[in-house]
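Everything on this sheet refers to the single structure shown next.
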Amino acid sequence: MKIDVMGVRFDNVTMDEALEKAKEILSRDGADYVVTPNSEIVYEAMHSEELCGLLNHAALVLPDGAGVVLGSKILKTPLKEKVAGVDFADRLLGHLAQTGGSVYLLGSKPGVAELAAEKMLAKHPGLTIAGMADGYFKDEDPVIEKINAAHADVLFVCLGAPKQERFMQEHKEKLNVRLMAGLGGSLDSFAGTVKRAPKWMIRLSLEWLYRLIKEPKRFGRMLRLPKFLWAVVCKRIGGG
Ligand code: UDP
């Protein structure tokens, strides 16, 4: 079942259900993509038909953030829970490790994917990392060729929004993978180059505050969170 949060149609799933859906996608022929928008990205999609379309064309739309879940509650159509992209990615890696599957890592600054791969292999023995490439390329064709030559089951696309959604939608037919996931800065998290908030902050839905303290340059961008919530409240009051 889909739940509309300010134009973006989210799948109303728990983490376990999201993983089941991912397994279903993996069992099908052809490539489908998963997106993990947070409230900043939903706010951007409210002002960009293109981004909104790219998100809604995904096979699975997961709410990566407490803001989106709160928004859905204010709108009286509550989503079951937050399904953070990086946690979903980790669960997917666990599944691939168990089933002899493989992943290709695309994105982040040079060197980050290598570091992320080391950490992933340490946590998920049995996982195959089919290849990796950084996210700062000019020409997409050689990147696509490299990915196709690796024959991976899953492709993590970590280029930030909307670049990663555009990449997945545009090249879906050409890419020789089964599932792609747009995961923003997740490779930085896996690599440890950008630390995640402590567990207690995640529990209290304060991950955004931790990020703000660590990366104050994100302040302008993060103002989209209160703007998003304000728009949600206005929609609720307006009964729209
Ligand atoms: N990135 C990239 N290529 C680009 C622009 C960004 O690979 O041309 C990477 C960047 O290094 C970072 C990620 O994309 O690892 C975006 O991270 P951010 O936290 O901004 O993602 P979001 O908040 O959109 O999930």
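Can you tell me how much longer the chain between LYS146 and GLU17 gets when fully stretched, taken as 0.36 nm per residue apart minus their C-alpha distance, in nm with one decimal? Please report the intermediate quantities before stating the final value.
Numbers: separation 129, 0.36 × 129 = 46.44 nm, distance 3.17 nm.
Difference between extended and current length: 43.3 nm.
Taking 22 Å as the cut-off for C-alpha to C-alpha distance, list the pairs among LYS21/LYS80; LYS23/LYS123; LYS21/LYS172; LYS76/LYS227; LYS2/LYS195; LYS123/LYS199 that go past it.
The pairs that break the limit, which is 22 Å between Cα atoms, are LYS2/LYS195.
What FRET efficiency comes out for the pair GLU173/LYS214, r = Cβ-Cβ distance, R0 = 41 Å, nearest 0.05?
The computed FRET efficiency comes out at 0.60.
As a check on your grasp of the helix formula, calculate [θ] at 222 nm for the chain: sum -39500 (n - 2.57) over DSSP H runs of n ≥ 4, divide by the residue count, round to the nearest 500.
Theoretical 222 nm ellipticity from helices: -14500 deg cm²/dmol.
Which of the peptides 212-223, 130-141 is most tightly packed, and how do the rest follow, going by the mean number of other Cβ atoms within 10 Å of each residue?
Descending mean neighbour count gives 130-141, 212-223.
What does the charge add up to near MET180, with Lys and Arg as +1, Asp and Glu as -1, over the other residues with Cβ less than 9 Å from its Cβ?
+1
Assigning unit charges at the beta carbon (Lys, Arg +1; Asp, Glu -1) and nothing else, what dipole magnitude in debye, to the nearest 20, does the chain show about its Cα centre?
1080
Which one of ALA89, VAL154, LEU79 is farthest out on the positive end of the charge dipole of the chain, using unit charges on Cβ (Lys, Arg +1; Asp, Glu -1) and the Cα centre as origin?
LEU79
Please list, in chain and number order, the residues 5+ apart from VAL5 or on another chain whose amide H is under 5 Å from its amide H, with Hs placed from the backbone.
For VAL5, the qualifying residues are PHE10.
Answer with one residue from MET168, GLY7, THR99: the one whose Cα lies farthest towards the positive end of the charge dipole of the chain, charges on Cβ with Lys, Arg +1 and Asp, Glu -1.
GLY7
Tally Lys/Arg at +1 and Asp/Glu at -1 over every other residue whose Cβ is under 12 Å from the Cβ of LYS123; what's the total?
Details: positive: ARG91, LYS119; negative: ASP90, GLU118.
It works out to a net charge of 0.
For the chain, give me the percentage of DSSP beta bridges that are antiparallel, rounded to the nearest 5 percent.
15
Taken together, the values in this text are just the output of simple stated rules run on the coordinates, not laboratory data. Owing to the predicted nature of the structure, the values given are computational and were not obtained by experimental measurement. Neighbour counts are summed over all protein chains in view; Cβ atoms, including those assigned to glycine, are modelled from backbone coordinates with ideal geometry.
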